[in-house]
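The values are calculated or read from the model by the stated rules, or taken from the named source; none is laboratory data. Note that the coordinates shown come from a computational prediction; the quantities given were computed from them, not determined experimentally. Reconstructed Cβ throughout: ideal geometry from the backbone, glycine too, with neighbour counts over all protein chains shown. Remember, those area values only see protein heavy atoms, side chains included, never the ligands or the DNA or RNA. Shrake-Rupley method; radii C 1.70, N 1.55, O 1.52, S 1.80 Å.
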Amino acid sequence: MVNNKKNDLGRNNKEKNRKKYNKKWICLISIWTFILTIFFSLVSENMMRGFNIALATIALLILITLGVFFDLIGIAVAAADEKPFHSMAANGVKEAKYAVRLVRNAARVSSFCNDVIGDICGILSGAAGAIIVVKIITLYEVKTATIVSILVSAIIASLTVGGKAFGKEMGIRNSEKIIFHTSKVLFVINTKLGIDFLPELKRKR
């Protein structure tokens, strides 16, 4: 009876700590999203004003690609299982430890990749699109600015949605490969720069 009470107390304490950590993470990611959005919006506005149509279009395509890429990682992490990486770790593959941590932090990684990076790229894509619209109207003296704005917005939306749809398919089908390559990057960052992005979480029973 005493052991059962201790076990129940231990579980309750772990659950409380997990909830506190989740609340802390939610507050932290919200604050960081606010700060990063303001920062990148100001930078993009100042930089893109001097761009011509070609440069603004290149910047737009880079932002869309970046959003799709991080969305792919977020989907892969959410869809993956950590068991294959345990086998890799047992065989001496150092990066496998980071792959396990990616999977165990799936909610946080997905939130950062899909929501934070996705929203920031969406805002910056909108800014790039607005610059393109202004440049087209000014350069070609277009009188129907509304039509140009609608067309540019539609193109941005279609490229973003289509790219993310493709990325989701790739992320689900190749989750193990994507996570392993991502873990290689995290391994290099941690060993060379001493920066560790992911906490060490125990597997939930």
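Points worth noting:
- Heavy-atom accessible surface of region 68-134: percent carbon and sulfur, 1.4 Å: 62 percent
- For the chain, the relative contact order is 31 percent, taking Cα pairs closer than 8 Å that sit 6 or more residues apart in sequence and dividing their mean separation by the residue count.
- A simple count of charges around Gly67, restricted to other residues whose Cβ falls under 15 Å of its Cβ and scoring Lys, Arg +1 and Asp, Glu -1, yields -1.
- Of the peptides 106-112, 43-49, the order by per-residue mean of other Cβ atoms within 10 Å, starting with the highest, comes out as 106-112, 43-49.
- With 0.36 nm allotted per residue and the present C-alpha distance subtracted, the Ser30-Phe166 stretch has 46.2 nm of extension available.
- Dmax and Rg, reported as Rg then Dmax, of region 42-120 (C-alpha, Å): 17.5, 53
- Residues of region 74-97 with amide N under 19 Å of a point placed 7 Å along Cα→Cβ from Arg173: 74-81
- Fluctuation leader among Ala54, Ala79, Ala165 - the chain, Gaussian network, Cα springs under 10 angstrom: Ala54
- Debye log10 I(q)/I(0) for region 97-151, one point scatterer per Cα, at q = 0.13, 0.31 Å⁻¹: -0.52, -1.07
- Per residue value of the accessible surface for the chain (all protein chains in place, 1.4 Å probe), Å²: 66 Å²
- Contact order, relative form, for region 47-109: 29 percent (alpha carbon pairs under 8 Å, 6 or more residues apart, mean separation divided by residue count).
- Spatially close Lys pairs in region 89-173, defined by Cα atoms under 28 Å apart and a spacing of eight or more places or different chains, total 5.
- Kirkwood Rh in Å, taken over region 64-183 so that all alpha-carbon pairs contribute: 16.0 Å
- Taking Ile131, Ile64, Ile35 in turn, the Gaussian network model of the chain (Cα-Cα springs below 10 Å) assigns the largest fluctuation to Ile35.
- The orientation-averaged shadow of the Cα convex hull for the chain, equal to a quarter of the hull surface, comes to 15.1 nm².
- Packing around the peptides 122-130, 171-179, taken as the average count of other Cβ atoms within 10 Å per residue, puts them in this order, highest first: 122-130, 171-179.
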